[in-house]
Every structure is written in structure tokens, then in C-alpha cells.
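What follows is one structure encoded as C-alpha cells, with my remarks underneath.
The values are calculated or read from the model by the stated rules, or taken from the named source; none is laboratory data. Values in this document were obtained by computation on a predicted structure and should not be read as measured data. Every residue, glycine among them, receives a Cβ derived from its backbone with ideal geometry; neighbour counts consider all protein chains shown.
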């Protein structure tokens, strides 16, 4: 089981990096990135896809809870779908607690030429969270690719932000 989880995680990292590379090439450089305000505005906008994914998770949970008539989340009768959704939402909020300050800190001091890479990382994170959500519903092991891809985006942004601020 561990070997399968590691293999799925490695695949998620590879797919996440490939997605990041493709998005990085698709995002044009802009003169707006010359000023810190332009970089921060772009980074704030790049957080919107992750926020939209989180909102979709929350709305899905609300709709499912309504459809199933499970209005009391503390009664222990949620079942697997509601429990998985709640774990996905919780983990996504935890991941975003790292993503948001890392992305904004990096954008504040990044060279303008770095911004397509920074913005691509935020978009990769959002896509990886969708993969995590879908994978978790398929089975516990299938959450690994999305978790690894979003974790890689987070670690990459955090490391780059620390390097930029300390270097």
C-alpha cells in the first residue's frame, strides 16, 4: 500500500510539474509586473481559482448535506461522502494557509520575469486540489497525486519566497 501511495505521489508530482511548465509558458510577461503593486495584484488574482475550488467544495458539501437530510454534522451519521468532502475542505483550507502568504510574499519581491512562474504555481495548486478532491472520492490512495502536486506547488512557492526574501 505504501509503495502504491509513493508511486501515485510521484506521478502527481510529475503531472503537477508538467502542468506548471505548460501554464508558465502560456502566461505572458507583462509590464504591469515591473511595480510591486502590479505583481501583488496579479498574485491576488491568481488566488481566485483556488478560492473558487474551495467554494465549489463548500457548496457541494452544503448541497449534499441538504439532499441527504444530514443537517447535524455532530450526530455521527454523515456517511463516507460527507466525511470525505469535509476532510477535503479542511485539508484545502490548511494548504491555502501556506499558499496565500507564500504566493504574496514571493510576488512582492519577485523579479518581473518570475511572475509567469509564480502565477502558474497558483493555478497548478488549484488544479491539484480538484485532483485531490476527485481522487479522495475514488479511494484513499487516489488522493495521493493531487496531494503531492498541491504540496509540491506549496513547497516550491514557500522555498522560492524564503530564498527571495533571505537572498
Can you spot a residue in the range 51-61 that is assigned to a helix (DSSP H, G or I), in contact (Cβ under 8 Å) with a residue 12 or more places away in the chain and over 15 Å from residue 129 (Cα atoms)? yes
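Yes or no: the range 87-99 includes at least one residue that is touching a residue at least 12 places away in the same chain (Cβ under 8 Å) and more than 19 Å from residue 149 (Cβ to Cβ).
Step one: list which residues in the range 87-99 are touching a residue at least 12 places away in the same chain (Cβ under 8 Å), which gives 87-89, 91-93, 95-96, 98-99.
So of that shortlist, the ones also more than 19 Å from residue 149 (Cβ to Cβ) come out as none.
Within the range 87-99 (the criterion being touching a residue at least 12 places away in the same chain (Cβ under 8 Å) and more than 19 Å from residue 149 (Cβ to Cβ)), the answer is no, since none of the residues qualifies.
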When the residues of the range 110-120 are narrowed to those that are part of a helix (DSSP H, G or I) and in contact (Cβ under 8 Å) with a residue 60 or more places away in the chain, which ends up nearest to residue 149 (Cα to Cα)? 120
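Table: residues versus (1) within 9 Å of the chain's Cα centre (by Cα); (2) under 13 Å from residue 53 (Cα atoms); (3) part of a helix (DSSP H, G or I).
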residue	(1), (2), (3)
88	no, yes, yes
93	no, yes, yes
98	no, no, yes
130	yes, yes, yes
143	no, no, yes
147	yes, no, yes
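Test of understanding: among 35, 7, which residue is under 22 Å from residue 127 (Cβ atoms), surrounded by fewer than 18 Cβ atoms within 10 Å (Cβ to Cβ) and without any contact (Cβ under 8 Å) to a residue 24 or more places away in the chain? Don't jump to the end; show me each part of the working.
Numbers: 35 fails: under 22 Å from residue 127 (Cβ atoms).
Being under 22 Å from residue 127 (Cβ atoms), surrounded by fewer than 18 Cβ atoms within 10 Å (Cβ to Cβ) and without any contact (Cβ under 8 Å) to a residue 24 or more places away in the chain holds for just one of 35, 7, which is 7.
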Selection count where residues are within 24 Å of residue 129 (Cα to Cα) and modelled with pLDDT under 95, scope the range 62-78: 2
